[in-house]
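Q: Pasting a structure here, questions to come.
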Amino acid sequence: NTSFTVGSKSFTAVAINTASKAGEWIQSKLGDFNSLQIKYSPHDLVTEVDKGAEKMIRNLIQTHFPHHSILGEEGVEPGPEASAQALKDVSDAEYLWVVDPLDGTTNFVHGFPFFSVSIALVHKGEVIVGVVYNPIHNELFVAEKGKGAYVRGKRMKVSSETKLIDSLIATGLPADREGALPVNLRGLNALCPKVRNVRVAGSAALHMAYVAAGRLSGFWEIGLNSWDMAAGALLIQESGGAVTDTEGNPYNLKVRNVLATNGAIHGELQQELVLADAVAIKK
Ligand code: 2AM
Ligand code: CA
Ligand code: CA
Ligand code: CA
């Protein structure tokens, strides 16, 4: 399929290579980094490793595809307005790489081994390649639009639960984001008794990769950004799952409140979030 290659350079190969290199470097820095900065509040951290990984990823992508655009978390000021503006600024790009160099910074800082590198390639607004790499487990999740999704060379398939009560669900607890915490806590409160259990492991990208791999039945979170979800969304779609916003609208790069499941429990989970008044931040 020519849509994934320019000359001899495969988009997917570059995405995989770049995520692997960044991930190995991040892992080498575990427990050995300086400058810890509070980005926005004590709940929102950034380290030299986030920034170094993004720089590395930008350099690698630019070397192969100098005319492509890149949207990376560390190139954007914190806060929803700057994120929305950054997305607008690249909305004309034919090829756009959407990058979270280190998803799960809080985990990285504390040595809790659950974090990832997330890289997506978007063509005219549609994600065509998605890679999430977990260096600790040495697991690379990769999807190509229309060609399926793989981990450890094995095709991924979402889980088969059809009822919430049989489902293992994940979410995030956004401690300070524009008032997203109470919304997610309402959802958590309502869902805990209705599902098998809930996990809050601290990397949205990896949670989504786990939904794709059938290790989680579903995931929702309020107040995310494009770089947290772009790669994960394609992983799930190519594994037979469903990705929408929490109101049930189709996934796109502008989605902030995500609902991602095996498909079978999507409606039931969405309905519970609506009933709990937990689909969006009140303006
Ligand atoms: P990060 O580690 O790349 O910052 C956990 O709930 C998820 O939320 C992670 O994917 C994390 O990504 C993201 N996150 C953490 N702090 C955030 C903030 N202040 N605003 C938006 N997303 C955040
Ligand atoms: Ca961050
Ligand atoms: Ca992130
Ligand atoms: Ca990040």
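Q: How high is the relative contact order of region 167-283, in percent, counting Cα pairs under 8 Å that sit 6 or more residues apart? Intermediate values should be presented prior to the final figure.
A: Details: 229 pairs, mean separation 35.0, N = 117.
For region 167-283, the relative contact order is 30 percent.
Q: Enumerate the lysines that residue 51 could reach by cross-link, defined here as Cα to Cα under 19 Å, with residues fewer than 8 away along the same chain left out.
A: The reachable lysines, counting only those whose Cα sits under 19 Å from residue 51, are 21, 29, 39.
Q: Still on this structure, I have one more. Across every pair of different alpha-carbon atoms, what Kirkwood hydrodynamic radius in Å does region 2-155 reach?
A: Working: mean 1/r = 0.0624 Å⁻¹.
Result for region 2-155 stands at 16.0 Å.
Q: Hey, rough spin-label estimate for residue 192 and residue 91, points 7 angstrom out along Cα→Cβ, what's it come to in nanometres?
A: 4.0 nm
Q: What is the antiparallel percent of DSSP beta bridges lying wholly in region 164-275, to the nearest 5?
A: Working: 9 of 15 bridges.
Antiparallel bridges: around 60 percent, rounded to the nearest 5.
Q: How many nm is it between the label spots at residue 274 and residue 110, if each spot is 7 Å from the Cα in line with the beta carbon?
A: The answer from the label model is 3.5 nm.
Q: What is the Rg over Rh value, at two decimals, for region 164-275, using alpha-carbon atoms and the Kirkwood definition of Rh? List each step's numbers first, then the result.
A: Values: Rg = 12.2 Å, Rh = 13.4 Å.
In region 164-275, Rg relative to Rh is 0.91.
Q: Where does each of 114, 108, 33 land when they are ordered by accessible area, with a 1.4 Å probe and the largest first?
A: Solvent-accessible surface, decreasing: 33, 114, 108.
Q: Probe of 1.4 angstrom, ligands and nucleic acids ignored: what's the accessible area per residue over region 135-283, in square angstrom? All intermediate terms of the calculation are to be shown ahead of the outcome.
A: Numbers: 5950 Å² over 149 residues.
Per-residue value: 40 Å².
Q: Do the sum for the chain: with -39,500 (n - 2.57) for every DSSP H run of n ≥ 4, divided by all residues, what is the mean residue ellipticity at 222 nm, to the nearest 500 deg cm²/dmol? If you can, show how the numbers build up before the last one.
A: On the way: 8 runs with 94 residues, N = 283.
So the calculated ellipticity at 222 nm is -10500 deg cm²/dmol.
Q: Please give, to one decimal in nm, the separation of the simple spin-label points placed at residue 13 and residue 176, each 7 Å out from Cα toward the Cβ.
A: With each label point 7 Å from Cα toward Cβ, the separation is 4.4 nm.
Q: Relative contact order (percent) for region 38-96, with alpha-carbon contacts under 8 angstrom and 6 or more residues of separation? Show your work: numbers first, answer last.
A: On the way: 31 pairs, mean separation 17.9, N = 59.
In percent, rounded to a whole number, it is 30.
Q: I need to check one value: relative contact order of the chain, counting alpha carbon pairs closer than 8 Å and at least 6 residues apart, in percent.
A: Details: 632 pairs, mean separation 47.4, N = 283.
Once divided by the residue count of the chain, the mean separation gives 17 percent.
Q: Let me ask another. Number of Lys pairs in region 101-170 with C-alpha atoms less than 25 angstrom apart, excluding same-chain neighbours closer than eight positions? Don't jump to the answer; show the numbers that get you there.
A: Details: 124/145; 124/147; 145/154; 145/157; 147/157.
Pairs that pass both the separation and distance tests number 5.
Q: Taking the square root of 5 times each eigenvalue of the Cα gyration tensor, what semi-axes in Å does the equivalent ellipsoid of the chain have, largest first? It would help to have the intermediate numbers written out before the result.
A: Numbers: eigenvalues 146, 94, 66 Å².
Taking √(5λ) for each eigenvalue gives 27, 22, 18 Å, largest first.
Q: Please report the antiparallel percentage of the DSSP beta bridges confined to the chain, to the nearest 5.
A: On the way: 41 of 51 bridges.
Within the chain, antiparallel bridges account for around 80 percent of the total.
Q: Students often check this: by mean Cβ neighbours within 10 Å, which of 99-107, 43-51 ranks highest, and how do the rest follow?
A: Numbers: 99-107: 25.6, 43-51: 18.6.
Result, highest mean Cβ count within 10 Å first: 99-107, 43-51.
The values are calculated or read from the model by the stated rules, or taken from the named source; none is laboratory data. As the structure is a computational prediction, the values presented were derived from the model and not from experiment. All Cβ positions, even for glycine, are placed from backbone atoms using ideal geometry, and neighbour counts span all protein chains on display. Calculation scope for accessible area: heavy atoms of the full protein, side chains included, ligands and nucleic acids excluded. Shrake-Rupley method; radii C 1.70, N 1.55, O 1.52, S 1.80 Å.
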